[in-house]
There are 2 protein chains.
Amino acid sequence: MCQLLGMNANTPTDVMFSFTGLATRADEHKDGFGIAFFEDKGLRHFIDDRSARESPVADLVRRYPIRSDNVIAHIRKATQGRIALENTHPFVRELWGRYWVFAHNGNLEGFAPRLHGAFRPVGDTDSERAFCWLMQELAKAHAGVPGIDELSCTLRELLPQLARHGSFNLLLSNGQALWAHATTKLWSLQRQHPFGAATLADADLSVDFAALTSPTDRVAIVATEPLTTGEAWSPFAPGELRVFVHGARRLPAAA
Amino acid sequence: MCQLLGMNANTPTDVMFSFTGLATRADEHKDGFGIAFFEDKGLRHFIDDRSARESPVADLVRRYPIRSDNVIAHIRKATQGRIALENTHPFVRELWGRYWVFAHNGNLEGFAPRLHGAFRPVGDTDSERAFCWLMQELAKAHAGVPGIDELSCTLRELLPQLARHGSFNLLLSNGQALWAHATTKLWSLQRQHPFGAATLADADLSVDFAALTSPTDRVAIVATEPLTTGEAWSPFAPGELRVFVHGARRLPAAA
(Lines give C-alpha, C1' and ligand atoms only; values in the text may rest on other atoms or scores of the structure.)
Protein backbone atom coordinates (compact mmCIF):
# COMPACT_ATOMS: atom_id res chain seq x y z
CA MET A 1 0.00 0.00 0.00
CA CYS A 2 1.26 3.46 -0.80
CA GLN A 3 1.72 6.04 1.92
CA LEU A 4 0.01 9.43 1.82
CA LEU A 5 0.89 12.55 3.78
CA GLY A 6 -0.98 15.84 3.67
CA MET A 7 -0.45 19.03 5.61
CA ASN A 8 -2.60 22.15 5.85
CA ALA A 9 -1.54 25.04 8.05
CA ASN A 10 -2.56 28.59 8.89
CA THR A 11 1.06 29.74 8.70
CA PRO A 12 3.80 28.41 6.41
CA THR A 13 5.18 25.35 8.16
CA ASP A 14 7.86 22.84 7.24
CA VAL A 15 7.10 19.12 7.11
CA MET A 16 10.61 17.79 7.62
CA PHE A 17 9.57 15.93 10.77
CA SER A 18 6.52 14.27 9.20
CA PHE A 19 8.31 13.56 5.92
CA THR A 20 11.12 11.86 7.83
CA GLY A 21 8.48 9.65 9.43
CA LEU A 22 6.95 8.91 6.06
CA ALA A 23 10.27 8.19 4.37
CA THR A 24 11.12 5.72 7.13
CA ARG A 25 8.21 3.65 5.88
CA ALA A 26 9.70 3.61 2.38
CA ASP A 27 11.28 0.19 2.99
CA GLU A 28 8.45 -1.62 1.29
CA HIS A 29 7.71 1.28 -1.02
CA LYS A 30 10.61 1.44 -3.40
CA ASP A 31 8.73 2.60 -6.45
CA GLY A 32 9.27 6.32 -6.17
CA PHE A 33 8.05 9.20 -4.09
CA GLY A 34 6.83 12.72 -4.60
CA ILE A 35 6.01 15.84 -2.63
CA ALA A 36 4.38 19.10 -3.62
CA PHE A 37 4.55 22.32 -1.58
CA PHE A 38 2.27 25.26 -2.17
CA GLU A 39 3.59 28.70 -1.38
CA ASP A 40 0.46 30.77 -1.90
CA LYS A 41 -0.40 30.07 -5.57
CA GLY A 42 3.12 28.92 -6.41
CA LEU A 43 4.11 25.27 -6.30
CA ARG A 44 7.28 23.29 -5.75
CA HIS A 45 6.95 19.76 -7.05
CA PHE A 46 9.63 17.15 -6.33
CA ILE A 47 9.33 13.63 -7.66
CA ASP A 48 11.74 10.75 -8.06
CA ASP A 49 11.31 7.22 -9.30
CA ARG A 50 13.90 6.10 -6.76
CA SER A 51 12.96 5.16 -3.21
CA ALA A 52 12.55 7.98 -0.71
CA ARG A 53 15.22 6.26 1.39
CA GLU A 54 17.99 6.74 -1.16
CA SER A 55 16.81 9.57 -3.40
CA PRO A 56 18.95 12.74 -3.29
CA VAL A 57 15.72 14.63 -3.91
CA ALA A 58 14.17 13.14 -0.76
CA ASP A 59 17.35 14.03 1.07
CA LEU A 60 16.95 17.66 -0.03
CA VAL A 61 13.36 17.66 1.20
CA ARG A 62 14.44 16.26 4.59
CA ARG A 63 17.15 18.90 5.02
CA TYR A 64 15.80 22.06 3.35
CA PRO A 65 13.09 23.67 5.50
CA ILE A 66 10.54 24.53 2.84
CA ARG A 67 7.72 26.38 4.55
CA SER A 68 4.36 25.80 3.01
CA ASP A 69 0.67 26.11 3.88
CA ASN A 70 -0.40 23.06 1.86
CA VAL A 71 1.69 19.96 1.26
CA ILE A 72 0.91 16.62 -0.37
CA ALA A 73 3.39 13.76 -0.31
CA HIS A 74 3.19 10.21 -1.60
CA ILE A 75 5.41 7.17 -1.36
CA ARG A 76 4.61 4.71 -4.08
CA LYS A 77 4.16 0.99 -4.18
CA ALA A 78 3.15 0.38 -7.77
CA THR A 79 -0.13 -1.46 -8.31
CA GLN A 80 -0.87 -0.16 -11.81
CA GLY A 81 1.58 1.44 -14.22
CA ARG A 82 5.31 0.93 -14.63
CA ILE A 83 7.88 2.40 -12.26
CA ALA A 84 8.55 5.60 -14.18
CA LEU A 85 8.69 9.29 -13.50
CA GLU A 86 5.42 9.95 -15.33
CA ASN A 87 3.64 7.48 -13.01
CA THR A 88 4.94 9.08 -9.82
CA HIS A 89 2.49 10.91 -7.56
CA PRO A 90 1.53 13.59 -6.80
CA PHE A 91 0.21 14.74 -10.17
CA VAL A 92 -0.27 18.39 -11.07
CA ARG A 93 -2.64 20.16 -13.42
CA GLU A 94 -3.79 23.78 -13.79
CA LEU A 95 -7.48 24.70 -13.60
CA TRP A 96 -9.00 28.19 -13.33
CA GLY A 97 -5.55 29.74 -12.93
CA ARG A 98 -4.63 27.56 -9.94
CA TYR A 99 -2.42 24.50 -9.69
CA TRP A 100 -4.15 21.37 -8.43
CA VAL A 101 -2.20 18.57 -6.78
CA PHE A 102 -3.50 15.02 -6.44
CA ALA A 103 -2.18 11.86 -4.78
CA HIS A 104 -3.98 8.56 -4.48
CA ASN A 105 -3.57 5.42 -2.47
CA GLY A 106 -5.58 2.45 -3.61
CA ASN A 107 -6.51 0.66 -6.77
CA LEU A 108 -9.31 1.39 -9.22
CA GLU A 109 -10.04 -1.77 -11.18
CA GLY A 110 -11.12 -1.38 -14.80
CA PHE A 111 -11.49 2.37 -14.47
CA ALA A 112 -11.54 3.80 -18.01
CA PRO A 113 -13.53 7.03 -17.92
CA ARG A 114 -14.38 8.98 -21.04
CA LEU A 115 -11.88 11.84 -21.11
CA HIS A 116 -13.13 14.31 -23.68
CA GLY A 117 -11.98 17.44 -21.93
CA ALA A 118 -8.70 19.28 -21.57
CA PHE A 119 -7.09 16.85 -19.11
CA ARG A 120 -5.26 13.77 -20.37
CA PRO A 121 -3.03 11.37 -18.50
CA VAL A 122 0.68 11.44 -19.38
CA GLY A 123 1.48 8.13 -17.67
CA ASP A 124 -0.53 4.94 -17.43
CA THR A 125 -1.85 4.72 -13.87
CA ASP A 126 -5.46 4.42 -12.72
CA SER A 127 -4.65 7.30 -10.35
CA GLU A 128 -3.77 9.84 -13.03
CA ARG A 129 -6.84 8.81 -15.03
CA ALA A 130 -8.96 9.44 -11.93
CA PHE A 131 -7.32 12.85 -11.46
CA CYS A 132 -7.93 13.86 -15.08
CA TRP A 133 -11.56 12.77 -14.82
CA LEU A 134 -11.95 14.72 -11.58
CA MET A 135 -10.47 17.89 -13.12
CA GLN A 136 -12.67 17.48 -16.18
CA GLU A 137 -15.83 17.10 -14.06
CA LEU A 138 -14.89 20.03 -11.79
CA ALA A 139 -14.32 22.19 -14.88
CA LYS A 140 -17.74 21.15 -16.21
CA ALA A 141 -19.49 21.81 -12.89
CA HIS A 142 -18.21 25.37 -12.41
CA ALA A 143 -17.59 28.05 -15.02
CA GLY A 144 -15.06 29.90 -12.87
CA VAL A 145 -13.25 29.20 -9.65
CA PRO A 146 -15.83 28.44 -6.94
CA GLY A 147 -15.45 28.85 -3.20
CA ILE A 148 -14.12 26.09 -0.97
CA ASP A 149 -17.57 25.02 0.27
CA GLU A 150 -18.94 24.83 -3.25
CA LEU A 151 -15.93 22.77 -4.33
CA SER A 152 -16.39 20.46 -1.36
CA CYS A 153 -20.03 20.03 -2.32
CA THR A 154 -19.12 19.06 -5.91
CA LEU A 155 -16.41 16.69 -4.65
CA ARG A 156 -18.94 14.97 -2.37
CA GLU A 157 -20.91 14.17 -5.53
CA LEU A 158 -17.95 13.14 -7.69
CA LEU A 159 -15.79 11.10 -5.32
CA PRO A 160 -18.26 8.23 -4.74
CA GLN A 161 -18.29 7.71 -8.52
CA LEU A 162 -14.55 7.01 -8.35
CA ALA A 163 -14.73 5.07 -5.10
CA ARG A 164 -17.07 2.46 -6.50
CA HIS A 165 -14.23 1.25 -8.76
CA GLY A 166 -12.06 0.20 -5.81
CA SER A 167 -10.11 1.62 -2.92
CA PHE A 168 -9.71 5.34 -3.20
CA ASN A 169 -7.84 7.23 -0.51
CA LEU A 170 -7.18 10.68 -1.86
CA LEU A 171 -5.40 13.93 -1.10
CA LEU A 172 -6.21 16.98 -3.23
CA SER A 173 -5.21 20.61 -2.87
CA ASN A 174 -5.33 23.82 -4.87
CA GLY A 175 -3.27 25.76 -2.32
CA GLN A 176 -6.39 27.10 -0.59
CA ALA A 177 -7.61 23.94 1.09
CA LEU A 178 -6.69 20.28 1.54
CA TRP A 179 -9.35 17.72 0.66
CA ALA A 180 -8.87 14.21 2.04
CA HIS A 181 -11.12 11.29 1.19
CA ALA A 182 -10.83 7.73 2.51
CA THR A 183 -12.38 4.46 1.57
CA THR A 184 -10.05 2.19 3.52
CA LYS A 185 -7.37 3.98 5.52
CA LEU A 186 -6.64 7.58 6.41
CA TRP A 187 -6.08 9.40 9.70
CA SER A 188 -5.94 13.06 10.57
CA LEU A 189 -4.58 15.08 13.43
CA GLN A 190 -4.82 18.70 14.46
CA ARG A 191 -1.93 20.40 16.21
CA GLN A 192 -2.58 23.68 17.96
CA HIS A 193 -1.90 25.57 21.17
CA PRO A 194 -0.91 24.27 23.70
CA PHE A 195 1.62 22.36 21.61
CA GLY A 196 3.26 19.30 23.09
CA ALA A 197 5.98 16.94 22.05
CA ALA A 198 5.61 14.14 19.54
CA THR A 199 7.66 11.06 18.78
CA LEU A 200 7.74 9.45 15.36
CA ALA A 201 6.17 6.02 15.45
CA ASP A 202 8.79 4.49 13.13
CA ALA A 203 11.96 6.47 13.76
CA ASP A 204 13.97 7.45 16.77
CA LEU A 205 13.06 11.13 16.55
CA SER A 206 11.10 13.49 18.75
CA VAL A 207 10.07 17.10 18.32
CA ASP A 208 8.87 19.57 20.90
CA PHE A 209 6.48 21.66 18.85
CA ALA A 210 6.04 24.15 21.70
CA ALA A 211 9.58 25.35 21.07
CA LEU A 212 9.02 25.76 17.34
CA THR A 213 5.60 27.33 17.13
CA SER A 214 3.70 30.40 18.21
CA PRO A 215 0.39 30.10 20.10
CA THR A 216 -1.70 31.05 17.07
CA ASP A 217 -0.20 28.36 14.79
CA ARG A 218 -2.53 25.61 13.71
CA VAL A 219 -1.63 22.61 11.58
CA ALA A 220 -3.64 19.67 10.29
CA ILE A 221 -1.86 16.48 9.24
CA VAL A 222 -3.41 13.65 7.24
CA ALA A 223 -1.64 10.32 6.78
CA THR A 224 -2.29 6.72 5.79
CA GLU A 225 -1.35 5.66 9.30
CA PRO A 226 -0.62 7.73 12.42
CA LEU A 227 2.93 9.01 12.13
CA THR A 228 3.46 9.75 15.81
CA THR A 229 2.74 8.27 19.18
CA GLY A 230 1.15 10.31 21.95
CA GLU A 231 -1.09 12.43 19.72
CA ALA A 232 -4.82 12.21 19.09
CA TRP A 233 -5.05 10.81 15.56
CA SER A 234 -8.60 10.40 14.30
CA PRO A 235 -9.50 7.68 11.76
CA PHE A 236 -11.66 8.45 8.72
CA ALA A 237 -14.90 6.55 8.26
CA PRO A 238 -15.24 4.71 4.92
CA GLY A 239 -16.39 7.20 2.28
CA GLU A 240 -15.61 10.21 4.47
CA LEU A 241 -14.37 13.50 2.98
CA ARG A 242 -12.59 15.93 5.29
CA VAL A 243 -11.73 19.47 4.26
CA PHE A 244 -8.94 21.43 5.95
CA VAL A 245 -8.55 25.19 5.69
CA HIS A 246 -6.04 27.34 7.62
CA GLY A 247 -4.99 24.32 9.65
CA ALA A 248 -8.47 23.39 10.87
CA ARG A 249 -11.15 21.01 9.78
CA ARG A 250 -14.01 22.70 7.99
CA LEU A 251 -17.36 21.09 8.63
CA PRO A 252 -19.93 20.87 5.86
CA ALA A 253 -22.64 23.52 5.98
CA ALA A 254 -25.93 22.09 7.27
CA ALA A 255 -28.20 21.04 4.41
CA MET B 1 18.22 40.05 -19.08
CA CYS B 2 17.28 36.53 -18.07
CA GLN B 3 19.45 33.58 -19.04
CA LEU B 4 18.09 30.61 -20.96
CA LEU B 5 19.62 27.17 -21.32
CA GLY B 6 18.23 24.32 -23.39
CA MET B 7 19.60 20.85 -24.06
CA ASN B 8 18.44 18.19 -26.49
CA ALA B 9 20.31 14.90 -26.75
CA ASN B 10 20.03 11.54 -28.44
CA THR B 11 20.97 9.78 -25.24
CA PRO B 12 20.14 10.83 -21.67
CA THR B 13 22.80 13.34 -20.70
CA ASP B 14 23.41 15.41 -17.60
CA VAL B 15 23.68 19.19 -17.78
CA MET B 16 25.69 19.77 -14.61
CA PHE B 17 28.54 21.40 -16.56
CA SER B 18 26.31 23.78 -18.52
CA PHE B 19 24.10 24.52 -15.52
CA THR B 20 27.19 25.43 -13.48
CA GLY B 21 28.10 27.86 -16.25
CA LEU B 22 24.61 29.29 -16.24
CA ALA B 23 24.41 29.59 -12.46
CA THR B 24 27.70 31.52 -12.45
CA ARG B 25 25.87 34.22 -14.36
CA ALA B 26 23.25 34.42 -11.63
CA ASP B 27 25.01 37.36 -10.00
CA GLU B 28 22.76 39.85 -11.68
CA HIS B 29 19.84 37.46 -11.81
CA LYS B 30 18.72 37.06 -8.25
CA ASP B 31 15.03 36.69 -8.93
CA GLY B 32 14.79 32.92 -9.03
CA PHE B 33 15.69 30.08 -11.30
CA GLY B 34 14.12 26.93 -12.64
CA ILE B 35 15.04 23.82 -14.55
CA ALA B 36 12.94 21.05 -16.05
CA PHE B 37 14.26 17.63 -17.09
CA PHE B 38 12.34 15.26 -19.30
CA GLU B 39 12.91 11.57 -18.84
CA ASP B 40 10.91 10.21 -21.74
CA LYS B 41 7.36 11.51 -21.00
CA GLY B 42 8.11 12.06 -17.33
CA LEU B 43 9.24 15.42 -16.01
CA ARG B 44 11.27 16.70 -13.09
CA HIS B 45 10.62 20.36 -12.44
CA PHE B 46 12.74 22.31 -9.96
CA ILE B 47 12.08 25.97 -9.28
CA ASP B 48 13.14 28.38 -6.58
CA ASP B 49 12.50 32.06 -6.05
CA ARG B 50 15.98 32.33 -4.53
CA SER B 51 19.06 32.98 -6.65
CA ALA B 52 20.66 30.00 -8.36
CA ARG B 53 23.88 30.90 -6.54
CA GLU B 54 22.47 30.27 -3.08
CA SER B 55 19.47 28.01 -3.61
CA PRO B 56 19.76 24.51 -2.09
CA VAL B 57 17.65 23.34 -5.02
CA ALA B 58 20.23 24.66 -7.50
CA ASP B 59 22.90 22.99 -5.43
CA LEU B 60 21.09 19.67 -5.80
CA VAL B 61 20.88 20.18 -9.57
CA ARG B 62 24.62 20.91 -9.74
CA ARG B 63 25.51 17.77 -7.76
CA TYR B 64 22.92 15.16 -8.73
CA PRO B 65 23.59 13.84 -12.26
CA ILE B 66 20.06 13.82 -13.64
CA ARG B 67 20.25 12.32 -17.11
CA SER B 68 17.71 13.69 -19.51
CA ASP B 69 17.12 13.97 -23.24
CA ASN B 70 15.45 17.39 -23.04
CA VAL B 71 16.24 20.10 -20.52
CA ILE B 72 15.08 23.70 -20.19
CA ALA B 73 16.58 26.03 -17.58
CA HIS B 74 15.99 29.69 -16.82
CA ILE B 75 17.60 32.22 -14.52
CA ARG B 76 15.29 35.09 -13.88
CA LYS B 77 15.72 38.81 -13.80
CA ALA B 78 12.20 40.05 -13.25
CA THR B 79 10.83 42.51 -15.78
CA GLN B 80 7.14 41.82 -15.25
CA GLY B 81 5.54 40.10 -12.27
CA ARG B 82 6.61 39.96 -8.63
CA ILE B 83 9.44 37.74 -7.41
CA ALA B 84 7.36 34.76 -6.45
CA LEU B 85 7.34 31.05 -7.03
CA GLU B 86 4.34 31.24 -9.38
CA ASN B 87 6.26 33.68 -11.60
CA THR B 88 9.34 31.48 -11.87
CA HIS B 89 10.17 29.86 -15.21
CA PRO B 90 10.01 27.33 -16.72
CA PHE B 91 6.24 26.90 -16.74
CA VAL B 92 4.57 23.53 -17.27
CA ARG B 93 1.22 22.51 -18.75
CA GLU B 94 -0.20 19.27 -20.09
CA LEU B 95 -1.55 19.04 -23.64
CA TRP B 96 -2.51 15.87 -25.58
CA GLY B 97 -1.17 13.68 -22.77
CA ARG B 98 2.30 15.26 -22.82
CA TYR B 99 3.90 17.80 -20.54
CA TRP B 100 5.01 21.02 -22.21
CA VAL B 101 7.73 23.19 -20.74
CA PHE B 102 8.22 26.84 -21.61
CA ALA B 103 10.82 29.47 -20.67
CA HIS B 104 11.04 32.99 -22.02
CA ASN B 105 13.61 35.73 -22.04
CA GLY B 106 12.38 39.14 -23.09
CA ASN B 107 9.49 41.42 -22.45
CA LEU B 108 6.09 41.55 -24.14
CA GLU B 109 4.63 45.01 -23.65
CA GLY B 110 0.87 45.28 -23.28
CA PHE B 111 0.34 41.67 -24.19
CA ALA B 112 -3.18 40.71 -23.03
CA PRO B 113 -4.43 37.91 -25.28
CA ARG B 114 -7.95 36.55 -25.09
CA LEU B 115 -7.63 33.34 -23.11
CA HIS B 116 -10.87 31.46 -23.57
CA GLY B 117 -9.42 27.97 -23.59
CA ALA B 118 -8.27 25.53 -20.96
CA PHE B 119 -4.99 27.29 -20.15
CA ARG B 120 -4.89 30.11 -17.59
CA PRO B 121 -1.91 31.79 -16.01
CA VAL B 122 -1.36 31.16 -12.29
CA GLY B 123 1.09 34.02 -11.84
CA ASP B 124 1.17 37.50 -13.36
CA THR B 125 3.97 37.50 -15.94
CA ASP B 126 3.75 38.31 -19.63
CA SER B 127 5.68 35.05 -20.19
CA GLU B 128 3.09 32.75 -18.64
CA ARG B 129 0.32 34.58 -20.53
CA ALA B 130 2.26 33.97 -23.76
CA PHE B 131 2.66 30.29 -22.87
CA CYS B 132 -1.07 29.88 -22.13
CA TRP B 133 -1.95 31.57 -25.42
CA LEU B 134 0.50 29.33 -27.28
CA MET B 135 -0.95 26.17 -25.73
CA GLN B 136 -4.48 27.36 -26.48
CA GLU B 137 -3.63 28.04 -30.12
CA LEU B 138 -1.76 24.73 -30.52
CA ALA B 139 -4.77 22.91 -29.07
CA LYS B 140 -7.04 24.73 -31.53
CA ALA B 141 -4.76 24.00 -34.52
CA HIS B 142 -4.54 20.23 -33.99
CA ALA B 143 -7.18 17.82 -32.73
CA GLY B 144 -4.63 15.28 -31.50
CA VAL B 145 -0.90 15.23 -31.02
CA PRO B 146 0.76 16.12 -34.36
CA GLY B 147 4.24 15.18 -35.51
CA ILE B 148 7.26 17.34 -34.82
CA ASP B 149 7.34 18.88 -38.31
CA GLU B 150 3.65 19.74 -38.16
CA LEU B 151 4.16 21.34 -34.74
CA SER B 152 7.13 23.31 -36.02
CA CYS B 153 5.00 24.53 -38.92
CA THR B 154 2.25 25.74 -36.57
CA LEU B 155 4.81 27.39 -34.30
CA ARG B 156 6.28 29.24 -37.29
CA GLU B 157 2.83 30.79 -37.76
CA LEU B 158 2.15 31.51 -34.08
CA LEU B 159 5.47 32.80 -32.77
CA PRO B 160 5.63 35.98 -34.90
CA GLN B 161 2.26 36.96 -33.38
CA LEU B 162 3.93 36.93 -29.96
CA ALA B 163 7.19 38.45 -31.14
CA ARG B 164 5.53 41.60 -32.44
CA HIS B 165 4.75 42.53 -28.81
CA GLY B 166 8.42 42.77 -27.87
CA SER B 167 11.51 40.67 -27.37
CA PHE B 168 10.71 37.00 -27.35
CA ASN B 169 13.50 34.49 -26.94
CA LEU B 170 11.86 31.19 -26.23
CA LEU B 171 12.60 27.60 -25.31
CA LEU B 172 9.80 25.05 -25.59
CA SER B 173 9.82 21.27 -25.26
CA ASN B 174 7.36 18.40 -24.99
CA GLY B 175 10.08 15.82 -24.37
CA GLN B 176 10.27 14.86 -28.05
CA ALA B 177 11.94 17.98 -29.43
CA LEU B 178 13.37 21.30 -28.30
CA TRP B 179 12.06 24.39 -30.08
CA ALA B 180 14.14 27.56 -29.74
CA HIS B 181 13.08 30.93 -31.09
CA ALA B 182 15.05 34.17 -30.90
CA THR B 183 14.22 37.77 -31.55
CA THR B 184 17.29 39.29 -29.91
CA LYS B 185 19.76 36.81 -28.47
CA LEU B 186 20.18 33.06 -28.60
CA TRP B 187 23.04 30.77 -29.59
CA SER B 188 23.22 27.07 -30.26
CA LEU B 189 25.93 24.50 -30.39
CA GLN B 190 26.10 20.89 -31.45
CA ARG B 191 28.46 18.48 -29.73
CA GLN B 192 29.19 15.17 -31.43
CA HIS B 193 31.99 12.80 -32.30
CA PRO B 194 34.92 13.58 -32.23
CA PHE B 195 34.30 15.23 -28.86
CA GLY B 196 36.85 17.72 -27.59
CA ALA B 197 37.33 19.67 -24.41
CA ALA B 198 35.41 22.79 -23.41
CA THR B 199 36.05 25.50 -20.84
CA LEU B 200 33.25 27.46 -19.23
CA ALA B 201 33.39 31.08 -20.28
CA ASP B 202 32.50 32.38 -16.79
CA ALA B 203 33.90 29.80 -14.40
CA ASP B 204 37.18 28.10 -13.86
CA LEU B 205 35.98 24.71 -15.06
CA SER B 206 36.84 22.48 -18.01
CA VAL B 207 35.41 19.23 -19.21
CA ASP B 208 36.86 16.71 -21.62
CA PHE B 209 33.72 15.38 -23.27
CA ALA B 210 35.70 12.68 -25.08
CA ALA B 211 36.20 10.92 -21.77
CA LEU B 212 32.52 11.09 -20.86
CA THR B 213 30.78 10.21 -24.09
CA SER B 214 30.49 7.43 -26.62
CA PRO B 215 31.05 8.10 -30.36
CA THR B 216 27.32 7.95 -31.19
CA ASP B 217 26.32 10.57 -28.58
CA ARG B 218 24.99 13.82 -29.94
CA VAL B 219 23.94 16.85 -27.90
CA ALA B 220 22.58 20.25 -28.88
CA ILE B 221 22.85 23.15 -26.45
CA VAL B 222 20.99 26.44 -26.72
CA ALA B 223 21.84 29.43 -24.53
CA THR B 224 21.38 33.18 -24.30
CA GLU B 225 25.11 33.60 -24.67
CA PRO B 226 27.83 31.06 -25.48
CA LEU B 227 28.62 29.18 -22.29
CA THR B 228 32.04 27.91 -23.34
CA THR B 229 35.12 29.07 -25.14
CA GLY B 230 36.69 27.01 -27.91
CA GLU B 231 33.44 25.64 -29.34
CA ALA B 232 31.54 26.64 -32.48
CA TRP B 233 28.50 28.48 -31.13
CA SER B 234 26.13 29.70 -33.82
CA PRO B 235 23.98 32.84 -33.32
CA PHE B 236 20.27 32.87 -34.18
CA ALA B 237 19.01 35.37 -36.72
CA PRO B 238 16.19 37.64 -35.49
CA GLY B 239 12.91 35.75 -35.83
CA GLU B 240 14.62 32.40 -36.33
CA LEU B 241 13.11 29.16 -35.03
CA ARG B 242 15.43 26.16 -34.62
CA VAL B 243 14.15 22.69 -33.87
CA PHE B 244 16.34 20.06 -32.23
CA VAL B 245 15.54 16.35 -32.23
CA HIS B 246 17.83 13.55 -30.98
CA GLY B 247 20.63 16.06 -30.43
CA ALA B 248 20.64 17.45 -33.98
CA ARG B 249 19.09 20.40 -35.70
CA ARG B 250 16.10 19.49 -37.81
CA LEU B 251 15.75 21.60 -40.92
CA PRO B 252 12.32 22.63 -42.16
CA ALA B 253 10.95 20.51 -45.01
CA ALA B 254 11.17 22.34 -48.34
CA ALA B 255 7.93 24.14 -49.16
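When the residues of region A:117-153 are filtered to those that are among the acidic types (D, E) and within 24 Å of B:F38 (Cβ to Cβ), which remaining residue is surrounded by the most Cβ atoms within 10 Å (Cβ to Cβ)? Talk me through it step by step, then tell me what you get.
Keep residues of region A:117-153 that are among the acidic types (D, E), which gives A:124, A:126, A:128, A:137, A:149-150.
Going one step further and asking which of them are within 24 Å of B:F38 (Cβ to Cβ), we end up with A:124, A:126, A:128.
Working: A:D124: 14, A:D126: 23, A:E128: 26.
Applying the filter and picking the extreme gives A:E128.
Against the condition of a type in the set (K, R), under 17 Å from A:S173 (Cβ atoms) and in contact with a strand residue (DSSP E or B) (Cβ under 8 Å, 6 or more places away or on another chain), how does A:R25 come out, does it pass?
Working: of a type in the set (K, R): yes; under 17 Å from A:S173 (Cβ atoms): no; in contact with a strand residue (DSSP E or B) (Cβ under 8 Å, 6 or more places away or on another chain): yes.
Criteria not met by A:R25.
May I ask you to list the residues in region B:196-238 that are free of Cβ contacts under 8 Å to residues at least 24 places away in the same chain and in contact with a Leu (Cβ under 8 Å, 6 or more places away or on another chain)? Selection gives B:S206 alone.
In region B:9-31 there is no residue matching the filter, namely being under 30 Å from B:I148 (Cα atoms), touching a Phe, Trp or Tyr at 6+ places or on another chain (Cβ under 7 Å) and within 13 Å of another protein chain (Cβ to nearest Cβ).
Could you check how many residues of region A:196-231 are of a type in the set (D, E) and over 21 Å from A:N10 (Cβ atoms)?
Applying the first criterion (of a type in the set (D, E)) to region A:196-231 yields A:202, A:204, A:208, A:217, A:225, A:231.
Narrowing further to those that are over 21 Å from A:N10 (Cβ atoms): A:202, A:204, A:225.
Matching residues across region A:196-231 total 3.
Taking the conditions exactly as written (within 30 Å of A:E128 (Cα to Cα), in a helix (DSSP H, G or I) and touching a residue at least 24 places away in the same chain (Cβ under 8 Å)), does B:A36 satisfy them or not? Break it down into steps so the answer makes sense when it comes.
Details: within 30 Å of A:E128 (Cα to Cα): yes; in a helix (DSSP H, G or I): no; touching a residue at least 24 places away in the same chain (Cβ under 8 Å): yes.
No: the conditions fail for B:A36.
The condition of being at pLDDT below 95, more than 26 Å from A:K41 (Cβ to Cβ) and surrounded by 14 or more Cβ atoms within 10 Å (Cβ to Cβ) holds for only one of A:A182, A:A198, A:A210, A:A232, that being A:A198. Considering (1) more than 14 Å from chain B (Cβ to nearest Cβ); (2) β-branched (V, I, T); (3) part of a loop (DSSP other than H, G, I, E, B), the lone condition that A:T154 does not fulfil carries the number (3).
A:L170 meets each of the listed conditions (1) loosely packed, with under 15 Cβ neighbours inside 10 Å; (2) closer than 30 Å to A:A141 by Cβ apart from (1).
The values are calculated or read from the model by the stated rules, or taken from the named source; none is laboratory data. As the structure is a prediction and not an experimental result, all values here were calculated from the model. Ideal geometry is used to build each Cβ from the backbone, glycine not excepted, and the neighbour counts take in all protein chains shown.
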